[in-house]
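Submitted below is the structure of interest, expressed as structure tokens.
Since every read-out is calculated from the coordinates, none of them should be taken as a lab result. Predicted model only: the values in this text are computed from it and were never measured. Cβ atoms come from the backbone with ideal geometry, glycine included; neighbour counts cover every protein chain shown.
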Amino acid sequence: MSNVKSAHLTQPGAKDLSSSSSTRIHSTESASSQGANGAGAELSNPPIASSPGDLDRAISRTMKRLTPFLMLMYVVSFLDRANISFAKQALQTSVGITEGTYALGAGIFFLSYSLCGFPSNLILHRIGAKRWMSFLMLGWGLVSMATMFVRGSTSFYLLRLLLGVMEAGFFPGAILYLTYWFPNRVRGQILGLFYLGVPIALIFGGPLSGLLLDMHPPGGLQSWQNMFLVEGFMAVLLGFATSLFLDSRPPDAVWLPANEKQALAGALADEEKERRTAGPAKLLPMLRDLRVLQFVLIYTLIQMSTYGAIFYLPTEISTLMHKPAGLEVGLVSAIPWICALCAVYWLPRTADRFSKHRELAALTLLISGCASFVFPTAGPRIGLIALSIAVSGFISVQPLFWTFPTSYLADTAAAGGIALIGAGNLGGFIAPTVKVWADQRFASHSAGLYLLAALTVLNAGLIALIRNRRGHPA
């Protein structure tokens, strides 16, 4: 009966199993009748013996297939939301977009992005990642391409809002999707591999956008229009590839041998059952859960630190080098992201190996906060080192953070809770406002950076205080 249990628990919308054998069979048949792909076929087969190494082989095979593709999707997602910064001057010249219009349009993306992730994740949990994520990629690719038709502030605002709507479901959906495939013991390093998309996008996205802006496209298009056309089309192509490549759940994966599929499904089912006893599994209890609200606050502060670095890193490096922004500053600006690339690969693996996610996350943010206090007034070399440490910490702590809610929330609460926590991306909208306010309030260009550094140190304390439902450290 363990096969029935595993197959049942890995289906979307499955109900708790009772101790009754007849109830187990009835529940599994109900899940199959609701459209769970492949479950009925598996239930009709006799039990398959699993060896101790089957789970490790299943994880390895799944990692090699899914993580590079999801990382590529994240790179394109980040590129399509950030390439507007490269078109800023061209939009001002050719369309008449003002500085204020650009600032509002760039930030308004985060409003729709933060609001629409919740319903999007519920839809993904309902209909499956294969169909929903391919739809999202096609949608945001077409919206990104349509930015080439901007003619004024109204069309600019509308397209940025639509882009936020379409991109909103990808990130929380990817986090939820990874919980369908990877057990807790390797989830940190898997999330770390997924997060490699951020520094990769920031290292290579700039040169790609710059190259497209330097080209002379045919058909009377301006270079900025060509940039949106090409980079948006990349997402459209990936959307079609997603519909062919991704499988929604392990039972759908024809590329997994039956014994490995059974071992993986069984491990995930056991963890799902444990989460149901430790945390909320339904939406309303999740919305009232103080620990979930703590996760939202922590993630918002992480995003304030992260986007404070992303928005102002070139400016700070230009100040440290006493040189105007240009090729040299651009190349030096890649150094912190290269360091982040190494950190986001190494830190989650270390946390998984020693099961010290909370301690390492708190320590990482503490070090990053202290480094953030150093670089505003340091010399070029020390300042660059401090800035690299800070940026590396801001990025690499995030896969560690996501191991907390994904090991606490179950079923529908996981789908809604991950998206609710992801609304902390509003920190990207808040960070510039907080920095400008502090700079003006204290009449210092470094005041805002010091305030963001202090919030990072505070956030390290909040992570150190994370406890599970039984009152023990997470």
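Looking at the range 112-122, can you tell me whether even one residue there is hydroxyl-bearing (Ser, Thr, Tyr) and over 29 Å from TRP337 (Cα atoms)?
Yes.
Collect the residues in the range 86-102 that are surrounded by 13 or more Cβ atoms within 10 Å (Cβ to Cβ), of a type in the set (S, T, N, Q) and either in contact with an Asp or Glu (Cβ under 6 Å, 6 or more places away or on another chain) or over 16 Å from LEU158 (Cβ atoms) (or both), keeping them in residue-number order.
GLN89, GLN92, SER94
Here's something else I'd like to know. If a residue must be of a type in the set (Phe, Trp, Tyr) and free of Cβ contacts under 8 Å to residues at least 60 places away in the same chain, how many such residues does the range 429-469 contain?
Counting residues in the range 429-469 that are of a type in the set (Phe, Trp, Tyr) and free of Cβ contacts under 8 Å to residues at least 60 places away in the same chain gives 2.
Please determine, by comparing only the residues of the range 58-96 that are of a type in the set (Val, Ile, Thr) and part of a helix (DSSP H, G or I), which one is nearest to SER248 (Cα to Cα).
If we take residues in the range 58-96 being of a type in the set (Val, Ile, Thr) and part of a helix (DSSP H, G or I), then THR62 is nearest to SER248 (Cα to Cα).
Ok, one more. Keeping to the range 203-235, report how many residues are touching a Gly at 6+ places or on another chain (Cβ under 8 Å) and farther than 20 Å from ILE310 by Cα.
4
Filter the range 395-452 down to the residues that are among the aromatic types (Phe, Trp, Tyr) and crowded, with 21+ Cβ neighbours inside 10 Å and list them by number.
PHE401, TRP402, PHE404, TYR408 - these are the residues of the range 395-452 that are among the aromatic types (Phe, Trp, Tyr) and crowded, with 21+ Cβ neighbours inside 10 Å.
Quick one: LEU313 ticks every box in (1) under 22 Å from the mean Cα position of the chain (by Cα); (2) within 20 Å of THR179 (Cβ to Cβ) except a single one, so which number is it?
Only one criterion in (1) under 22 Å from the mean Cα position of the chain (by Cα); (2) within 20 Å of THR179 (Cβ to Cβ) is unmet by LEU313, namely (2).
Continuing with this model, one more query. Quickly run through the range 260-295 and pick out the residues that are in contact (Cβ under 8 Å) with a residue 40 or more places away in the chain, basic (Lys, Arg) and in a helix (DSSP H, G or I).
LYS261, LYS273, ARG275, ARG276, ARG291, listed by residue number.
Helices (runs of 4 or more DSSP H) wholly in the range 161-259 with at least 3 residues that are under 18 Å from VAL143 (Cα atoms) - which ones?
By residue number, 223-245.
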